[in-house]
1. Whole-Hz ³J(HN,Hα) for each residue in the stretch 326-340, computed from phi via Karplus 6.51 cos²θ - 1.76 cosθ + 1.60 with θ = phi - 60°, x for glycine and proline: what do you get?
2. Classify the stretch 299-370: rounded, prolate or oblate, from the alpha-carbon gyration tensor (a ≥ b ≥ c, eigenvalue square roots; a/c under 1.5 rounded; otherwise prolate if a/b is larger than b/c)?
3. For the stretch 170-181, in order, what is each residue's ³J(HN,Hα) by Karplus, 6.51 cos²θ - 1.76 cosθ + 1.60 with θ = phi - 60°, in whole Hz (x at glycine and Pro)?
4. Does the stretch 112-180 come out rounded, prolate or oblate, given a ≥ b ≥ c as the square roots of the eigenvalues of its C-alpha gyration tensor, rounded meaning a/c under 1.5 and, failing that, prolate meaning a/b above b/c?
5. Which log10 I(q)/I(0) values, to two decimals, does the stretch 192-239 give at q = 0.13 Å⁻¹ under the Debye formula with one point per Cα?
6. Using alpha carbons only, what's the Rg to Rh ratio of the stretch 331-456 with Rh from Kirkwood?
7. Of all alpha-carbon pairs in the chain, indicate the percentage at a distance above 42 angstrom.
8. Taking all protein chains together and a probe of 1.4 Å, list Trp170, Trp451 from the most accessible to the least accessible.
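The values are calculated or read from the model by the stated rules, or taken from the named source; none is laboratory data. Predicted model only: the values in this text are computed from it and were never measured. Note that we place each Cβ from the backbone using ideal geometry, even for glycine, and neighbour counts take in every protein chain shown. Keep in mind that these areas ignore ligands, DNA and RNA; they rest on the heavy atoms of the full protein, side chains included. Shrake-Rupley method; radii C 1.70, N 1.55, O 1.52, S 1.80 Å.
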Amino acid sequence: MQIARRDFARLGLASLAFTGLARAAVRDEGYESEVAGYGPLVPDRAGLLDLPKGFSYRVISSAGERMDDGFVTPDKFDGMACFALDGGKVALVRNHELSPGDTALGPTGGLARLEAALAARPFFGRDADGRPLPGGTSTIVYDPKRGKRSTVHLSLAGTAVNCAGGATPWGSWLSCEETNLKAPEVDRTHGWVFEVPADARALVDPVPLTGLGRYRHEAAAVDPRTGIVYLTEDREDGLFYRFLPNRKGALVEGGRLQALAFADAPQDSRNWQSKLFAPRSSRPVRWLDLEETDSPKDDLRQRGAAAGAAIFARGEGIHLGRGELFFTCTSGGAARIGQIMCYRPSEHEGGPGERSAPGMLQLFLESTRSTVMDYGDNLTVSPWNHLIVCEDRDSSDRNYLRGVTPDGQVYTIARLLAETELAGACFAPDGRTLFVNAYRPGKTLAITGPWETVRA
């Protein structure tokens, strides 16, 4: 959401406590906050999610539950977005990062009768045994005011490793496949982006948006001003892409795919060997046209880098703030525990004037201590213009939800007490409820509390 502090009055959150800008650090076993934020975390009696005083959560959906369409709620909850519906309800469109071997965790639960039912409906691809692939999306209809779920159903089927994605300004979710699967492992080539309308009440026709390229897609964000789609790639030597559509809002009609390059060398943003990209510094950029973007050899990033594109360390979540795009690089930085980039588009983005007024990329944050931020992954922009970042350290039984101020100071919002990642953070349109996923076993949580009291 793109809501400035002044908009809190309109949202009924006018008591936002920025007065004094308290910066007292908070330290506890396992985590550290550089500014006060909401204060220390309070242990959760249920043993799932520690939150600051005054906050609470409810589990609104869990893997393995029977959905309203008869299928089983798939596991591995990943990226997600929230959309306004009529009557004050919202739709949460949620990814399921399931691979061909995860049939038992998918919407059929490995049951033959459900596999037959799914095969009779729209789905994209099959595994080597002829069964519909288990990846895709599900959609939750939820009433934030009543705190109750209305329905949940399968909305995209037969895809694979649906990791993150992004919301469009026209009310749909872009579900990204983070894979390069192809025959003979599966019957069709994968590594595409699919569009799922938020108001769809049944399985959508799965049409791959091939113009957005084939690679290990992670996440996407659309600039409503231009219709340009910005995309991340989850590889240690990944690129940062943009898609210039032939027609704004009609991604299926194709367009041009490009990769970001720095206007000045060097082209490595990772800072692994030396600090080639100083934290808080900015660089002008240029964009390179890419060829053969269907990439049958899964070498798009390598060809792009050879042509001069900049390299990023596992680009993951991306979200549009107030005219700027933030994206995480999970293993970037000298400590290899994460960076956050900020891209500010040119006033003439995608047009002939952008060369004279190029976009700028800033290394917004580079983590140096895992107790402050460790492996930032999915992220969103809060109503008070802070970043909300989900951690994804798969070797840990403690992943945190972090807040980041506009000047790059980090505070801790929540601690997940499970050996799995946090994902899919997104706010309800009124800014009062934060939704987030625990990856596996999958749970979608709705967090409420005094969001207006943040001290930063």
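1. Computed from phi, the couplings for the stretch 326-340 are 9, 9, 8, 10, 4, 10, x, x, 4, 7, 6, 10, x, 10, 10 Hz.
2. Note, shape of the stretch 299-370 comes out oblate.
3. 9, x, 9, 10, 9, 9, 9, 8, 9, 7, 10, 4
4. oblate
5. Treating every Cα as an identical point scatterer, log10 I(q)/I(0) equals -0.38.
6. 1.03
7. Value for the chain (Cα pairs over 42 Å): 10 percent.
8. The ordering from most to least exposed comes out as Trp170, Trp451.
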